[in-house]
Amino acid sequence: MGWTASAGVHNGGHKMGPIVPHFGLHFDTTCESAHEVEGHANFVYEKDVSVAGRALFNVGDKKVSEA
């Protein structure tokens, strides 16, 4: 029998002049010690332009698995 656990945090929507940033961090783990961390960010400029990025890190391999 196995298990998985995850936790995450998100913060955003606070105006910084014409830019509204959103940031997030999410952590997943399993009973096999497979740990992954996902970080993402989104910057919205005057409700018209959005620039976003996301990266997934494999902690055991110490590598970026997706970007």
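Counting only residues at least eight positions apart within a chain, or on another chain, the lysines with an alpha carbon under 24 Å from that of residue 47 are 15.
Scoring 36-45, 17-26, 2-11 by mean Cβ neighbours within 10 Å over their residues and listing the highest first yields 36-45, 17-26, 2-11. Placing +1 on each Lys and Arg Cβ and -1 on each Asp and Glu Cβ, with no other charges, gives the chain a dipole about its Cα centre of roughly 220 debye.
Counted by Cβ distance under 14 Å from residue 26, the other residues give a net charge of -3, where Lys and Arg count +1 and Asp and Glu count -1.
Backbone phi angles across region 7-20, fed through the Karplus curve with coefficients 6.51, -1.76 and 1.60 (θ = phi - 60°), yield HN-Hα couplings of 8, x, 9, 9, 9, x, x, 8, 5, 10, x, x, 9, 10 Hz in residue order; Gly and Pro are listed as x. When every Cα-Cα distance of the chain is counted in 10 angstrom steps from zero, the calculated P(r) takes the values 20, 38, 25, 14, 3, 0 percent. The phi torsions of region 21-36, fed into the Karplus equation with coefficients 6.51, -1.76 and 1.60 and a -60° offset, translate into couplings of x, 9, 10, x, 9, 9, 10, 10, 8, 10, 5, 8, 6, 8, 10, 9 Hz, rounded to whole numbers, with Gly and Pro shown as x. Backbone amide hydrogens, once placed in the peptide plane, bring residue 59 within less than 5 Å of 35, 36, 37, excluding anything fewer than 5 places away on its chain. For the chain, the relative contact order comes to 24 percent (Cα pairs under 8 Å, sequence separation of at least 6).
FYI, it's all coordinate maths here, none of it is from the lab. Predicted model, so just to flag it, every value in this text is computed and none were measured. With ideal geometry, Cβ positions are generated from the backbone for all residues, glycine too; neighbour counts draw on all protein chains shown.
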